[in-house]
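A.B. asks: This is the structure, below, for whatever I ask next.
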Amino acid sequence: MRAVTVKALSVLCLLPAAIALTPGVAAIDVQPGSRLWINGTSTVRSFECAATSFETDIQSAPGSVTALASGEKVVTAVKVTVPAAMLDCKNGTMNEHMLKALKAKTSPDIVFSLASYDLAREADALRITLTGQLTLGGVEKPVTIVTTAKEEGEGALRVTGTHEVRMKEFGLKPPTLMLGTMKVDEKVKVSFDLLLKD
């Protein structure tokens, strides 16, 4: 497992996020500066929570980033783990309520595991549709996440995407603050911006 500490703003759930599949023995590294974050709204204001740390395990054949960029299915497995306690909403009270909503004490990790994927060339980018399982609050559900991958030079590939998650589908109750005057919408958007390199 490779740990990535993200010193940038923004991210939740999930989420998500990575790349592709076919037997391999190497690993693709997620580079510093990669980000994972969640955006949501409430009856009072919008908010953003950043994943200050998350782990990725992307297995593939050697030289797979270049091969993937050219449209080859070379990645064998993807797993992204976000410790719920590493989500920072830039507000102590909001952090506390979010951890409670995510059932972090009993289910400390948010995990995405890839099952399959499809590749499609679109102009100067590669569209990657990921199908897998998202575990949130101890509940596992199938998800499909659409990502965009672009070459960044020096053998790197930038993968970005956004996926909407409904908290109630995972048996989670959205946070309520300020004696009920601030209610968080159950729909949150999990976004990621990952720089991959062999």
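We did not get these values from a lab; they are worked out from the coordinates using the rules stated. Keep in mind that this is a model prediction, so the values were computed, not measured. Positions of Cβ are backbone-derived with ideal geometry, glycine not excepted, and every protein chain shown enters the neighbour counts.
A.B. asks: For Gly138, enumerate residues with amide H under 5 Å from its amide H, sequence gap 5+ or separate chain, H modeled in the peptide plane.
C.D. replies: Counting only residues 5 or more places away or on other chains, the set is empty.
A.B. asks: Can I ask one more? Summing Lys, Arg as +1 and Asp, Glu as -1, what charge do residues with Cβ under 15 Å from the Cβ of Glu72 carry, Glu72 excluded?
C.D. replies: Local charge sum for Glu72: 0.
A.B. asks: Using 28 Å as the Cα-Cα cut-off, could you pick out the over-long pairs in Lys100/Lys197; Lys100/Lys150; Lys103/Lys187; Lys90/Lys173; Lys105/Lys168?
C.D. replies: With Cα atoms farther than 28 Å apart: Lys100/Lys197; Lys100/Lys150.
A.B. asks: Compute the label zone of Glu186 within the stretch 129-152: residues whose backbone N is under 20 Å from the point 7 Å along Cα-to-Cβ.
C.D. replies: 134-144
A.B. asks: Then there is this: In a shell of Cβ-Cβ distance under 12 Å around Val188, excluding Val188 itself, what net charge do Lys and Arg (+1) and Asp and Glu (-1) give?
C.D. replies: So the surrounding residues net to -1.
A.B. asks: Any idea what the relative contact order of the stretch 89-198 is, in percent, if you count C-alpha pairs under 8 Å spaced at least 6 apart?
C.D. replies: Relative contact order for the stretch 89-198 comes out at 22 percent.
A.B. asks: Convert each backbone phi in the stretch 40-50 into a coupling constant with the Karplus relation 6.51 cos²θ - 1.76 cosθ + 1.60 (shift: θ = phi - 60°), then list the ³J(HN,Hα) values in order as whole Hz, x for Gly and Pro.
C.D. replies: After applying 6.51 cos²θ - 1.76 cosθ + 1.60, I find x, 10, 9, 6, 10, 6, 7, 8, 9, 10, 9 Hz.
A.B. asks: If I take every Cα pair under 8 Å that is 6 or more residues apart in the chain, average their sequence separation and divide by the length, what percent do I get for the relative contact order?
C.D. replies: 27 percent
A.B. asks: Right, something else. In degrees from 0 to 90, rounded to the nearest 10, what is the angle of the helix 92-101 Cα long axis to the longest principal axis of the chain?
C.D. replies: 80 degrees
A.B. asks: Sticking with this structure for a sec: When the Kirkwood radius is taken over all Cα pairs of the stretch 2-197, what Stokes-Einstein diffusion coefficient follows at 20 °C and 1.002 mPa s, in µm²/s?
C.D. replies: Result for D is 128 µm²/s.
A.B. asks: Run the numbers for Ser70 and Arg127: contour at 0.36 nm per residue of separation, minus the present Cα-Cα distance, in nm.
C.D. replies: Extending this stretch completely gives an extra 19.4 nm.
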